[in-house]
Amino acid sequence: MMPALETVGLHKRFGALVVANDINFSLEPGARHALIGPNGAGKTTFINLISGRLPPSAGHVLLGGRDVTLLPQAARVRRGLGRTFQINTLFRGLSVLENVALAVAEREGRGGDMFRSASSRRGALEQAYALLQRLRFAEDALTRVQELPYGKQRLVEIAIALGLRPSVLLLDEPAAGVPSAESATIVEMIEQLPPDIAVLIIEHDMELVFRLARRITVLVQGRVLVEGAPAEIAADARVREVYLGERQHG
Amino acid sequence: MSPVDALIRRHRLRAIELLPWIIAVGGYFAFADYLPLGSQILIMILFALSLDLVLGYAGIVTLGHSAFFGVGAYAAGIYAARVSGEPLSGLLVGAVAAGAVGWGSGMVILRTQGLALLMLTLAVTALLAEAANKASFVTGGADGLQGVDISPIFGVFRFDLFGRTAYVYCLVVLFLAWLFARHLVHSSFGQSLIGIRENLVRMHAIGSPVRRRLLAVYTIAAALAGVAGALLAQTTQFVGLTVLGFQRSGEIVIMLVFGGVGRLYGAFVGATLYMIAQDQLAKMDPEFWYFWIGLLLVLLVMFARGGILGLLDRVVRR
């Protein structure tokens, strides 16, 4: 099967600092893959390279088998790449429904419609609302994002990305800043994602990672240390050294 | 009512939105001696409305919007002086010229953001003002453009000394521009502009062609500002270098902030109150009136962040 997402020899340098070092990575359709690693391992940089926010110094990014390395962010989104952000990146003054509808309108190529206003607005809003209902998030549809509690704002992060109907979804620390006790709804939302979406999760919360991921890649200093099934990763001596080592330092 | 209907309903015309038009029509009869001032107010409302699309909706902070007002005024003025005094084609000339300058300058400057963008909007205005000053053989330079002679509208309605025709003309043009702007901000395009203002990074991440959208609204707003400038040229039958000045750019931002940014009606409230205050203060205190305008602005910005309409909002909600 052709991978939904692939990187070949991906390399990123900021001056002398190498933050992505020859990363070969592949994500199958329907994958639930976690990317873990200590702080500063280059996880978010990796997401930014894949999504096109940063240009790589060398190497390639392939989406559904097509090389998108030279394509801008918007073109990658049109080819099915959705992402969320570690730090809430939302339309704070707008309602939840409008947040998602913006994504729906762009996916349908109607975001620039000036004249068929009523019908195109209604179409996007109705699809967005149906999505919120599926996510059991409909009761907050008209609440402005800035008035939502932080944990729910994290759910809007995911809902916007789902409005794009992505085939590849990059989740950058979906539970960042949410106390473990409250992260259950986030885990639930991720567990109920359509099975055909390929999901890559960056996460620090190991409980969450081992619950959601069927495969794990460990990134250390911009380099892939090891990749494997959760049980293999948990048993890997090098991972323990890196990880437990870091945890002890705090 | 479903949430979708609730949001769609916000786009429907509410009774209160007719209030400005009732006032404007009533003003025609009630203040017959003040119609020239009335026309100026209507023109500034249109100018402020065009600025609101850029500043209030798309969040492009500009201090150079007078560039387009000025280009529209000069284009319409020169067209009237050299080609034809027909007013409606003159408006079109003003709109197209200003829109073209908006598009051309936007192509270059909208690549930047924040302070750099602000500086570039100022620079474009400065360049154009200097060009208009130098090209005195077409613009009249510092003496202003003479010989602007406007024919009757549709060959029937003559521009009279009392400014009656001019007032109605400005009012009709403003009304059409408002219909257009209102439609625009409620369209998917308008919503995407709000998205860009609210979170640029996320708009990129949902695949929005951000720069194309910004260029589109910048061009549209420039054309509308050009229409406002053209109206000024036609109704006063004169164009001076001040149409392109920094002062006008600054003033229009002040008017919009007075009224309230990003709400379409801030332009109406702000421009009207500013122009009336200016008129009255200048009469009462000819040397010092700008001080009072400044003081009013300081108070508004400190105590009423959303301008006068924002203040009203808060009072009504309580």
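Results, tabulated for the structure shown:
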item	result
Segment A:84-106 - residue that is hydrophobic (A, V, I, L, M, F, W, C) and in a loop (DSSP other than H, G, I, E, B) and, of those, nearest to the other protein chains (Cβ to nearest Cβ)	A:91
Elements of type helices (runs of 4 or more DSSP H) in segment B:70-180, at least 2 residues being over 26 Å from residue B:51 (Cα atoms)	B:136-139
Some residue of segment B:203-214 being assigned to a helix (DSSP H, G or I), within 14 Å of chain A (Cβ to nearest Cβ) and in contact with a strand residue (DSSP E or B) (Cβ under 7 Å, 6 or more places away or on another chain)	yes
Out of A:48, A:39, sole residue that is modelled with pLDDT under 95, assigned to a helix (DSSP H, G or I), more than 9 Å from chain B (Cβ to nearest Cβ) and surrounded by fewer than 23 Cβ atoms within 10 Å (Cβ to Cβ)	A:48
Residue A:130 being closer than 25 Å to residue B:2 by Cα and either surrounded by fewer than 20 Cβ atoms within 10 Å (Cβ to Cβ) or aliphatic (A, V, I, L, M) (or both)	yes
Within segment A:160-187, tally of residues that are within 14 Å of chain B (Cβ to nearest Cβ) and of a type in the set (Gly, Ala, Ser)	3
Condition check for residue A:81: in contact (Cβ under 8 Å) with a residue 60 or more places away in the chain, within 17 Å of residue A:169 (Cβ to Cβ), more than 9 Å from chain B (Cβ to nearest Cβ) and crowded, with 20+ Cβ neighbours inside 10 Å	no
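Yes/no per residue for (1) at pLDDT 95 or above; (2) away from chain A (no Cβ under 14 Å); (3) buried (at least 24 other Cβ atoms within 10 Å of the Cβ); (4) under 30 Å from residue A:144 (Cβ atoms):
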site	(1), (2), (3), (4)
B:201	no, no, no, yes
B:217	yes, no, yes, yes
B:225	yes, yes, yes, no
B:230	yes, yes, yes, no
B:233	yes, yes, yes, no
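Table: residues versus (1) touching a residue at least 12 places away in the same chain (Cβ under 8 Å); (2) part of a helix (DSSP H, G or I); (3) under 30 Å from residue B:146 (Cβ atoms).
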residue	(1), (2), (3)
B:242	no, yes, yes
B:256	yes, yes, no
B:270	yes, yes, no
B:278	yes, yes, yes
B:282	no, yes, yes
B:293	yes, yes, no
B:296	yes, yes, no
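The values are calculated or read from the model by the stated rules, or taken from the named source; none is laboratory data. In this text the structure is predicted, and so the values were computed from the model without any measurement. Every residue, glycine among them, receives a Cβ derived from its backbone with ideal geometry; neighbour counts consider all protein chains shown.
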